[in-house]
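What follows is a short report on a single structure.
The values are calculated or read from the model by the stated rules, or taken from the named source; none is laboratory data. Please read all numbers here as calculations on a predicted model, not as lab measurements. Heads up, the Cβs are rebuilt from the backbone with ideal geometry, glycines too, and the neighbour counts pull from every protein chain shown. Accessible surface is based on the protein model in full, side chains and every heavy atom, while ligands, DNA and RNA are left aside. Shrake-Rupley method; radii C 1.70, N 1.55, O 1.52, S 1.80 Å.
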Amino acid sequence: MTAARFFFADDGYLPADAAAVSPFAPAFLYGHGVFETLRLYRGRPHLLADHQRRLAAGLEFLGLARPAAWDEIPAIIDALAGRNGLEGGDAMVRLVCGGTPPGNEPGAETPPAGLIVQVLPLDLEAIAARQAGCRTCILPWRRDPENPLLRHKTLNYLENYRGRRLAARQGCQEGLFLNCYQELCEGTYSNLFLVEEDSLVTPPVSAGLLPGITRAAIIRAAGRLGIACREERLTPELAACFQGGFLTSSLMELAPLVNLERQQFQPSRVADLGRALVAAYRRLE
């Protein structure tokens with residue numbers, strides 16, 4: 001996997017070795033910012049408008065103005081793909097908008113958020129391993145579903161990062177969060193769907209999770225295929241009632257569950273459903 005040579009920061013394209021972060025930036029000090037990760041298919045950013053809408057909602061929630069180059073993001077992605085030798089192919093895009101100095105003090109006038117755009121090679125080997133089947137574990141601490149930060153993809157991401165590392169140490173590809181009511185929420189980088197006969201069930205946003213772009217897209221794709229999908233509060237003990245499940249994210253799309261807590265699943269049982277959903281998902285605009 002070749003490293004990207006260039007990225008975009010605020011108003012220009014820079015070589016990767018020129019990357020620097022101000023030690024006074026609220027984005028660095030407090031995680032005061034938001035980010036999005038999406039995928040290029042044959043050089044085209046998938047569901048970019050949806051990702052930008054969520055990014056804009058997060059900026060509004062944090063009291064940050066949109067970056068000056070906001071409307072140029074599609075062109076910046078295209079230019080970076082060319083500069084990094086990824087034009088016309090599949091790749092990963094990361095959009096980061098963060099608070100910049102001044103603005104460290106509450107009530108200080110906030111300038112437009114800084115913007116960083118990266119177009120990077122995909123780790124296709126890691127994605128293929130997850131798509132073959134994801135082993136999961138339940139993380140040992142509980143989420144407060146009333147925490148408003150959970151509804152936004154903020155740079156305050158330590159809980160997810162720590163959970164992912166803990167899951168990896170247990171030999172799992174993903175760790176799943178429960179809320180304080182012992183209900184399933186989401187993974188550290190994914191949303192959760194369970195399969196009941198030929199329908200899908202997913203935890204509601206009110207359980208304490210990020211309303212994922214791919215989550216919403218899979219619900220739309222299911223509707224186009226005539227597959228019922230409902231939101232329902234779920235606990236690990238209910239896993240035995242389902243034939244299997246999926247984890248969803250923009251980069252890996254759909255990955256079947258190997259287990260949920262002690263319940264073991266056979267990914268082959270949901271393989272046909274998964275293939276149909278991915279095909280419909282890729283057709284979405």
Can you list residues whose amide H is under 5 Å from L200's amide H, if they're 5+ apart or on another chain and H is modeled 1.01 Å from N? A228, C229, R230
So for the stretch 167-261, using the alpha carbon gyration tensor with a ≥ b ≥ c as root eigenvalues (a/c under 1.5 gives rounded; past that, a/b versus b/c decides prolate or oblate), I'd call it rounded
Within the chain, the percent of DSSP beta bridges that are antiparallel, given to the nearest 5, stands at 80 percent
With a/c under 1.5 counting as rounded, go ahead and sort the stretch 225-285 into rounded, prolate or oblate using the C-alpha gyration tensor (a ≥ b ≥ c being the square roots of the eigenvalues; past the cut-off, prolate if a/b is larger than b/c, else oblate). prolate
Whenever you get a sec, line up R262, R233, R269 from highest to lowest accessible area (probe 1.4 Å, protein heavy atoms). R262, R269, R233
Please work out the average accessible area per residue across the chain, using the 1.4 Å probe convention, and give it in Å². 48 Å²
Which shape class applies to the stretch 115-243: rounded if a/c is under 1.5, otherwise prolate when a/b exceeds b/c and oblate if not, where a ≥ b ≥ c are the square roots of the Cα gyration tensor eigenvalues? rounded
Put V34, V205 in order of accessible area, largest first, probe 1.4 Å, and you get V205, V34
How much net charge surrounds W70 when only the other residues with a Cβ under 13 Å from the Cβ of W70 are counted, with Lys and Arg +1 and Asp and Glu -1? -4
What number comes out for the charge environment of A276, summing +1 per Lys or Arg and -1 per Asp or Glu over other residues with Cβ under 15 Å away? +2
Helix 271-283 versus the longest principal axis of the chain: what angle, 0 to 90°, nearest 10, using Cα atoms? 30 degrees
How many nm is it between the label spots at A65 and W141, if each spot is 7 Å from the Cα in line with the beta carbon? 3.6 nm
Roughly to the nearest percent, how much of the accessible area of the chain is carbon and sulfur, given a 1.4 Å probe? 52 percent
Add -39500 (n - 2.57) for each DSSP H run of 4 or more in the chain, then divide by its residues: what number comes out at 222 nm, to the nearest 500 deg cm²/dmol? -8000 deg cm²/dmol
Express in Å², to the nearest 10, the accessible area of R83 obtained by rolling a 1.4 Å probe over the protein heavy atoms while all chains stay in place. 100 Å²
